[in-house]
Structures are given as C-alpha cells and as structure tokens.
Amino acid sequence: MSESKILVVDDSKETLELLRRNLTGAGFKVFTACSVAEAIRLLDRTAVSLIITDLRMPNVSGLELVRHVRENYPDTEVMMITGYATVEGAVEAVKSGAEEYLPKPFTEEELFAAVKRSLEKLSLRRAVLNRQKIISYKDFGIIGESKAIKKVFKSIVKSASTSATVLIAGESGTGKELVARAIHYHGSRAQAAFVPVNCGSIPEGLLESELFGYVKGAFTGATQSRAGYFQTAEGGTIFLDEIGETTMAMQVKLLRVLQEKEVTMVGSSKSRKIDIRVLVATNKNLKSLVDKGHFRDDLYYRLNVINIDLPPLRERGEDVLLLLRHFVNKYAEELDRAELEFTDRALRALVNYGWPGNIRELENLVDSLMVMTEGDTLDVSDLPSHMRYYVTGGGGLNRTLAEIEAEYIQHVLAEVNQNKTRAAEILGIDRKTLRTKLNGYREGSGKSGE
C-alpha cells in the first residue's frame, strides 16, 4: 500500500504541504495540485491510486473533480476533505463518488485510517476486475501502461481476431511497425511470414517491381524472374509503411490488388491469386490528402476498414519512464556498462518534454547518454540543452514568464529543503538576487516579510 500514488488537491498551500509531508513520511508517492484544473492536467499524465481533494475551492469545486474522476478514471479512489462539514455535504460527496469524507481538522491517525480504507476498497475492486483477462504490454512487446496505449492494446486484440485491412496512423517514431507485428503474431496467420515494406524508401520507378515481382526480360537487367513482396507474404501479412508516399499510379494498382486479391508481375500479362493480409501505416493525414486530391478516395476507404491511431509519446505520461528504463537496460547490456540512474528533476524534465521524435528520439537519447556520460547518475544539466526547460512542466500556454520563473524557483527551494545558498547555485544566481526575487513574489501575492 505504501507504494501507492496519491494526488492531493487543495487551494491552501499550507494544507497541501502538511498532507504532502505526512503522506510522504508514510512512504506514499505524493503529487499536489492547488486547483481542479491543475489536478486534471496532472491526471492526464500520471496514473494515481487515490485523490484527496478539498470540497470548496475557487472556480471549480471538489465535487466536480470527483465526478470527473468517476467518469474518466474508474481505477482511482477519491477522498473528500472539508472545513465546512455538514451531513448534506457528506451525502453529496458520497453520491458523487467519494469513498471517504473527512472533516477538518483531523488527526494524523484519522487521515491514515481514511487513506487505508480507500486503498483497501481499490484493492478489492481491482481483484474483482483482475478475474477478467488483463491486457499487458508484455503480450505485445509494446511498452506502456498509460490509458492511451491501453486503448491501442484493445484495438490490437480486436484487429488480430479478423482478417480485415488495418490502417495504423501516427507520428514518426511512435511504433507503428510494432503494432502491425503484434496484430500479425496474435492472429491466425502468426505461423506465416510477416513482410514489412517501407514504401517511402523505395524509388518510385522500382516500387512496382519490388511489390509485385517481375519476369525475366521485363526490363534491362532482369536476367531472371523474381517474386515480389506480395508473393513473399503468401499466407501471411504484408505491412506497407508510409503508404501516403505512393504515387497516384501506384495507388490504382494497389487498389486492384486489394479488390481482386491477385497480383501481376512486371512484364507479365498473367495475374496470380494471393492469400495475404494487408496492414498499412502512415504518418500523414490520409483524409487530408484525399481532400487535396493527392490520395485516391476509393483506396483510402478500402484501407481504412479498421483504424488504429497511435498516440504521440508526449500524450503517454509516465510511459516515458517505462521506455527510458527499457532502453537503459538494453544499452547497458550492449555496452557492458553500469545502468544510468536519473535524478527526480531529470526524470521530471523527460516526462514533461514534448518528444517531437517520439520513441525513436527517446531511444537515440538513451544511446547517446550511455556512451557519453561518465558517471552513473544523470541530472538535468546532463540532458541536451533543449530538454532542460521542461523540468517544471504543466500549465499550458496561459502563464506569464514571471509565473513560470516563480514556480521553478519555489520548486528548487523545496527540493533543497529551503536552503537558499544551494538553490542559488542550482539557479545560477547569487543569494542576493534570489532574495530579491522571493521578496518580489511575496509583495505580488500580498504577503510580507521573509
């Protein structure tokens, strides 16, 4: 139970700090948010077992948060705390889905007892749910436990049970070929060949002969007949990656293959029946290409029987950490060196970074760090410069630079137990400048004194 993650939501910083300190001391991993909006943003990135929320907060109340959690996070318990305890309030909280209702002030023993009851209820519910088959990334060789990737797992299961064409869409580096392989190896054709083809890497003039094969004498240099990828995949699956890179002329030929289930080798007038499953992938918006006249609409609808949208890494929350550990283990073994450890600040920066190159970018980063880092522990300063600004994360684009700076300084102070000398060193400023900034924040919030 002590390994459970708890999110505390309260507009009072004093209450947040008190609960954080007590729960952290009991061994829990604790996250804090001072508003419902901030809590929802955090839940999008991080799975927690229990939410402890205040009832009355500005703008959006704790009851609204409870309802949001019940509708979107069934594997999370909610506990309500309030300084305005009434019977009506308790009834409303329970009706909304809060498992516990704790009036302020409460003792440390009362807090831990309520937390224990909430987590025991969660454990019981999970035990019931676990009687059904649990889909895990271990089943597919795909690493991730986020809500977004679990949705993909479910789509893989459904796709593997059919022979329909599947269109896998997602940004470059999100793992589209892994999904295609998972569909193939969990389907009825698993014992036959899986043939991946990157349509974008084959020159336009060679794509037809590579896909469909050619007969002897079909063109200069064709000294003997050769089967194409479609024939090689007979009985199994062909995976056409970057399908959006094909020309309109090639799209016509692919459409015929899908409709007639036969191919014609280059230089031959005789068609040959094939028995294969077709999976395709794209990092482009095919519907947009159709609308612009760059992709045939009849082929698009033929391909888009089942659609799987792969989420970018930036939308997968702490899956970043699972992937990070996987790649660290992989390269530590390959390089025969000790595994790298990351400070909490470095991990936070990696989770909050946007990852435009997705999983491929993360793997390349780990490969580089394992080669170039001399020590065994890595901090934010060891990351590439463009990643160091994501250590605080969150907040969207509606905050001023001063607000972000203030939040980061307060975070650094918390990390070093309010040691201003150490904080100034980390921030790269002198102690006087730090003191001036802190006084400015207090004056802006109406507080005085140091």
Options Leu365, Leu413: the member that is in a helix (DSSP H, G or I) and either modelled with pLDDT of 80 or more or in contact with a Cys (Cβ under 8 Å, 6 or more places away or on another chain) (or both) | Leu365
Condition check for Val280: among the β-branched types (Val, Ile, Thr), in contact with a strand residue (DSSP E or B) (Cβ under 8 Å, 6 or more places away or on another chain) and surrounded by fewer than 16 Cβ atoms within 10 Å (Cβ to Cβ) = no
Residues within the range 232-281 that are without any contact (Cβ under 8 Å) to a residue 12 or more places away in the chain and more than 23 Å from His184 (Cβ to Cβ), tallied = 5
Tell me, please, whether a residue that is more than 21 Å from the chain's Cα centre (by Cα) and either modelled with pLDDT under 90 or in the same structural domain as Ile168 (by TED's automatic domain parsing) (or both) can be found in the range 306-316.
-> yes
Pick from the range 416-435, criterion surrounded by 12 or more Cβ atoms within 10 Å (Cβ to Cβ) and of a type in the set (Val, Ile, Thr), ranking: modelled with the lowest pLDDT = Val416
Boolean, Val8 is surrounded by 15 or more Cβ atoms within 10 Å (Cβ to Cβ) and either of a type in the set (Asp, Glu) or at pLDDT 90 or above (or both) | yes
Which of the residues belonging to the range 289-311 are in contact (Cβ under 8 Å) with a residue 60 or more places away in the chain, crowded, with 18+ Cβ neighbours inside 10 Å and part of a loop (DSSP other than H, G, I, E, B)?
-> Leu310, Pro311
How many of the residues making up the range 46-64 are closer than 20 Å to Glu17 by Cα and charged (D, E, K, R)?
-> 2
Does Val257 fit the bill of being surrounded by fewer than 22 Cβ atoms within 10 Å (Cβ to Cβ), aliphatic (A, V, I, L, M) and in contact with an Asp or Glu (Cβ under 6 Å, 6 or more places away or on another chain)?
-> no
Going by the conditions given, is Thr32 in the same structural domain as Pro58 (by TED's automatic domain parsing), touching a Lys or Arg at 6+ places or on another chain (Cβ under 6 Å) and of a type in the set (S, T, N, Q)?
-> yes
Please determine, by comparing only the residues of the range 181-218 that are of a type in the set (A, V, I, L, M, F, W, C) and within 13 Å of Ile276 (Cβ to Cβ), which one is surrounded by the fewest Cβ atoms within 10 Å (Cβ to Cβ).
-> Ala193
Qualifying position, being surrounded by 16 or more Cβ atoms within 10 Å (Cβ to Cβ) and at pLDDT 90 or above, among Val78, Val30 = Val30
Subset of the range 312-332 [under 27 Å from Leu240 (Cβ atoms) and not in a helix (DSSP H, G or I)] | Pro312, Arg316
Residue among Arg41, Arg56, Arg21, Arg70 that is free of Cβ contacts under 8 Å to residues at least 60 places away in the same chain and either assigned to a strand (DSSP E or B) or over 21 Å from Pro103 (Cβ atoms) (or both) = Arg70
Scan the helices (runs of 4 or more DSSP H) fully inside the range 158-275 and keep the ones with 2 or more residues being within 25 Å of the chain's Cα centre (by Cα).
-> 176-185
Selection count where residues are crowded, with 21+ Cβ neighbours inside 10 Å and among the β-branched types (Val, Ile, Thr), scope the range 11-27 | 0
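Let's see how each residue does on (1) surrounded by 12 or more Cβ atoms within 10 Å (Cβ to Cβ); (2) modelled with pLDDT under 75; (3) under 23 Å from Ser4 (Cα atoms); (4) outside the structural domain of Phe239 (by TED's automatic domain parsing):
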site	(1), (2), (3), (4)
Pro74	no, no, yes, yes
Lys95	no, yes, no, yes
Ala98	yes, yes, yes, yes
Phe106	yes, no, yes, yes
Phe112	yes, no, yes, yes
Leu122	yes, no, yes, yes
Qualifying positions in the range 333-362 - part of a loop (DSSP other than H, G, I, E, B), aliphatic (A, V, I, L, M) and farther than 24 Å from Thr46 by Cβ = Ala338
Going by the structure shown, is Ala249 in the same structural domain as Lys154 (by TED's automatic domain parsing), out of contact with any Phe, Trp or Tyr (no Cβ under 7 Å at 6 or more places or on another chain), more than 26 Å from Ser161 (Cα to Cα) and modelled with pLDDT under 90?
-> no
Might you check whether a residue that is in contact (Cβ under 8 Å) with a residue 60 or more places away in the chain, closer than 28 Å to Asp241 by Cβ and charged (D, E, K, R) occurs anywhere in the range 349-372?
-> yes
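The values are calculated or read from the model by the stated rules, or taken from the named source; none is laboratory data. What you see is a predicted model, and the numbers here were worked out from it, not measured in a lab. When we count neighbours, we look across all protein chains shown, and the Cβ atoms used for this are built from the backbone with ideal geometry, even at glycine.
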